[in-house]
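One structure is given below, encoded as structure tokens.
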Amino acid sequence: MSKVIGILGCGWLGTPLAEFLLAKGYRVRGSTTREEKVAQLFQKGIDARVLIVGERHIDGNPEEFLEGLDCLILNIPPGLRKAPEADFTARIRLLETYLTQAATPHLVFVSSTSVYGATQEMVTEAALPLPDSQTGRQLREAEKILLGNTARVTQILRPGGLLGPDRHPVFTLSGKNIHAGGNERVNLVRRQDLLHIMGLLIANPSLSGIYNAVFPEHPSKHEYYTREASHFGIPPPVYSDSPARATGKKVSCPALEALGYSFAQSIWTPDLQSHPGKPG
């Protein structure tokens, strides 16, 4: 019988992941916070449920959702930009009580490279995270909570900024005057690569640990967004600092390299045709 994979959070990343896993023969149980989305997910072959993870209560039936899962993908964003006062770690702490009760054997938590501080320069999975943002600090605490359960396999996935067919920060930045940071390095990854990486982790449940997921090119924001804006024919962002050598955080991924994974999709949009997208 095929394995049952749960995806807590079927949104921009979780829904394509579900479709990717269904195509590989897994059975997929997914959650959404919107009742009207359940039917859409069912049409895709996803056993969909409504679950809303709060700080003190989970709306829905978490026991039923977690029952019998071979692996859970925990993919709920902190949401601190919209609600800075929110306590994401409280939500994870609450969820962990249900995971422990269900004895879920394998967990993949989608965290972020924001757990590393901007001044940490070259970082691998072995680096001690020094987050300098509220999101980074809460994600780091969430990681610690989940890694504290040694009775299961827990894999922490730290992707860089996400790019996809309908998602690119250059459109938000276009034409803006930005006071500083133009020479900071970018740390980005395409959604398609991330789907393959999660598939790889799901298929290797004995490999506990932390996995960075960032494409191995790190141009400055000035260079990257100027070229990307030119490709899309939109005004580039205007940085106040003059172009110079790229500095700041540079995230590398030796843990994925050890699994034999190589990134397939370039962060440079014009180069996508020469990067067809295949698992390493």
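Can you tell me which of P131, P84 is without any contact (Cβ under 8 Å) to a residue 60 or more places away in the chain, within 18 Å of L188 (Cα to Cα) and either surrounded by 19 or more Cβ atoms within 10 Å (Cβ to Cβ) or touching a helix residue (DSSP H, G or I) at 6+ places or on another chain (Cβ under 9 Å) (or both)?
P131
Which of (1) touching a residue at least 12 places away in the same chain (Cβ under 8 Å); (2) buried (at least 16 other Cβ atoms within 10 Å of the Cβ) does I52 not meet, given it meets every other one?
(2)
Of a type outside the set (G, A, S), under 28 Å from S206 (Cβ atoms) and in contact with a helix residue (DSSP H, G or I) (Cβ under 8 Å, 6 or more places away or on another chain) - does that describe any residue in the range 27-37? Even if it seems obvious, please write down each step before you answer.
Filtering the range 27-37 for residues of a type outside the set (G, A, S) gives 27-29, 32-37.
Adding the requirement that they be under 28 Å from S206 (Cβ atoms) leaves 27-29.
Keeping just the survivors that are in contact with a helix residue (DSSP H, G or I) (Cβ under 8 Å, 6 or more places away or on another chain) gives 28-29.
Yes, there is a match, as at least one residue in the range 27-37 is of a type outside the set (G, A, S), under 28 Å from S206 (Cβ atoms) and in contact with a helix residue (DSSP H, G or I) (Cβ under 8 Å, 6 or more places away or on another chain).
Only one of these is hydroxyl-bearing (S, T, Y) and within 24 Å of G160 (Cα to Cα): T15, T33, T97. Name it.
On inspection, the qualifying residue turns out to be T15.
Just name the residue that is nearest to I234 (Cα to Cα) out of those in the range 133-172 that are of a type in the set (S, T, Y) and assigned to a loop (DSSP other than H, G, I, E, B).
The qualifying residue nearest to I234 (Cα to Cα) is S133.
Does the range 64-71 contain at least one residue that is of a type in the set (G, A, S) and within 23 Å of L163 (Cα to Cα)? Walk me through it before giving the result.
At the first step, the residues of the range 64-71 found to be of a type in the set (G, A, S) are 68.
Applying the additional criterion that residues be within 23 Å of L163 (Cα to Cα) yields none.
No; the residues of the range 64-71 include none that is of a type in the set (G, A, S) and within 23 Å of L163 (Cα to Cα).
Please specify each residue of the range 71-98 satisfying the condition of being outside any helix (DSSP H, G or I) and within 15 Å of R152 (Cα to Cα).
Those that are outside any helix (DSSP H, G or I) and within 15 Å of R152 (Cα to Cα): C71, L72, I73, L74.
Taking the range 183-222 on its own, how many of its residues are surrounded by fewer than 22 Cβ atoms within 10 Å (Cβ to Cβ), of a type in the set (G, A, S) and modelled with pLDDT of 95 or more?
Final tally of qualifying residues: 1.
The values are calculated or read from the model by the stated rules, or taken from the named source; none is laboratory data. Since the model is a prediction, treat every value here as computed from it, not as a measurement. Glycine gets a Cβ as well: all are built from the backbone with ideal geometry, and neighbour counts include every protein chain shown.
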